[in-house]
1. With the requirement that a residue be open to solvent by 10 Å² or more (accessible area, probe 1.4 Å) and more than 15 Å from ligand 2 (Cβ to nearest atom), what does region 243-267 give you?
2. Can you tell me which of PRO87, PRO95 is within 16 Å of ligand 1 (Cβ to nearest atom) and open to solvent by 70 Å² or more (accessible area, probe 1.4 Å)?
3. Output the qualifying pairs, or none if there are none: Cβ atoms under 9 angstrom, residues six or more apart or on different chains, first residue in region 1-28 and within 26 Å of LYS234 (Cα to Cα) and outside any loop (DSSP other than H, G, I, E, B), second residue among the polar types (S, T, N, Q) and modelled with pLDDT under 80.
4. Any idea how many residues of region 222-235 are farther than 18 Å from ILE67 by Cα and either open to solvent by less than 50 Å² (accessible area, probe 1.4 Å) or assigned to a loop (DSSP other than H, G, I, E, B) (or both)?
5. Kindly evaluate GLU294 against the criterion of being at pLDDT below 95, in contact with a Gly (Cβ under 6 Å, 6 or more places away or on another chain) and either among the aromatic types (Phe, Trp, Tyr) or within 16 Å of ligand 2 (Cβ to nearest atom) (or both).
6. So, ALA212, is that one surrounded by 21 or more Cβ atoms within 10 Å (Cβ to Cβ) and among the small types (Gly, Ala, Ser) or not?
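The values are calculated or read from the model by the stated rules, or taken from the named source; none is laboratory data. Just so it is clear, the structure is predicted and the values come from calculations on it, not from any experiment. Please note: Cβ atoms are built from the backbone with ideal geometry, for glycine as well, and neighbour counts cover all protein chains shown. Areas reflect the complete protein model, heavy atoms only, side chains present, ligands, DNA and RNA absent. Shrake-Rupley method; radii C 1.70, N 1.55, O 1.52, S 1.80 Å.
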Amino acid sequence: MRHHLPNGTFRNTADIEEPKLRNPQTRLSDLVRWKLTAPNAKPLTQPVVSPDIDSFNNDQDARTKIIWVGHATVLLRHQKLTILTDPHFSDRASPVGFAGPKRSTPPALSVTQLPHIDVVVVSHDHYDHLDKQSVLEIQQRQINNPPLFVVPLKLGQWFSNLEIDNWVECDWWEQTTHMDWRFTAVPVQHFSGRSLKQNNTLWAGWVLTLPATAENESYQIFFAGDTGYSSDFKDIYDRFGAFDLSLLPIGAYEPRWFMKELHVNPEEAVKIHQDVHSKLSIAIHWGSFALTHEPMDEPPKKLAEALTKQNIGPDNFRTVKHGELVLV
Ligand code: ZN
Ligand code: ZN
């Protein structure tokens, strides 16, 4: 596979400016330049609503239920399956509790308020997407009936190191099946690493497919994780067809010279929405942590502009509040 390099690390589908991702020295000087050119955005607290967990858990209501907990953490229930994406419930997106990007909007729920989780879907190992404390708490809380952690290739060992063995890894285009659903890892344009060592574990988006049966209609979800804009999304549509629901990042895009390859801006998020023929998209990855330079409340405004330009109604690509229950 082309994204597997001989030294065991991974690369993106597109020939993006590899030195930025590959060469630690270039990367470091870029990081310094990024940090010096402008400070990160001023922390701004976004409105949080207390999630309606009773409605979320209500099996009589057959609609899909979605709660954006914050950043890339989404709680989702479709019929009998409850999924959590990129769980992060801590104060900082960092290896240590006293430094690193601090949360400016609290998570809409704590781990103790979560319903039973069947599957935790993880996109990659960056600190704002994979939080050790949150993973340990989720595992502890369901110790007798733990969730399945569905993770990209070579990330399973990280869980095993925490004595969590209920994980399954997928390479891009590989799938695993659980409770009638197929979980397929798909390429997106990003990178990985929790230290200067990069790309030793794979990063991915996830396609969640419930095939049609006598009782169910088919349902298909796209969780993009963290990504720049690339041709991957057209490839994903070519393989899977249209999506009922997509969870798409819209924040952490400035300055463009540094972020463009790694994080889409709202305009590019709209292109993904179009590329994968998404019926409904929900905006994530904004408003929770001040990670980059754009003002923290800018992504939804730019999203609204981009949607207008493309003649897409705001009901088709929604900006929601932290904690707001969406019923589809
Ligand atoms: Zn990332
Ligand atoms: Zn991220």
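1. If the condition is that a residue be open to solvent by 10 Å² or more (accessible area, probe 1.4 Å) and more than 15 Å from ligand 2 (Cβ to nearest atom), then ASP244, PRO255, ARG256, TRP257, GLU267 are the ones that fit.
2. PRO95
3. Within 9 Å, the pairs are PRO19/THR26; LYS20/THR26.
4. Looking only at that region, the number is 8.
5. In short, no.
6. In short, no.
A quick yes/no check of all residues on (1) within 16 Å of ligand 1 (Cβ to nearest atom); (2) of a type in the set (Ser, Thr, Tyr); (3) in contact with a Phe, Trp or Tyr (Cβ under 8 Å, 6 or more places away or on another chain); (4) under 21 Å from ILE83 (Cα atoms):
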| site | (1), (2), (3), (4) |
| --- | --- |
| ASN161 | no, no, no, no |
| HIS178 | no, no, no, yes |
| PRO187 | yes, no, yes, yes |
| HIS190 | yes, no, yes, no |
| ALA204 | yes, no, yes, yes |
| ILE221 | no, no, yes, yes |
| THR227 | yes, yes, no, yes |
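Results for (1) closer than 24 Å to PRO295 by Cα; (2) surrounded by 19 or more Cβ atoms within 10 Å (Cβ to Cβ); (3) away from ligand 1 (no atom under 16 Å from the Cβ); (4) not aliphatic (A, V, I, L, M), shown as yes or no for each residue.
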position: VAL120; (1), (2), (3), (4): no, yes, yes, no
position: GLN140; (1), (2), (3), (4): no, no, yes, yes
position: ASN166; (1), (2), (3), (4): no, no, yes, yes
position: CYS170; (1), (2), (3), (4): no, yes, yes, yes
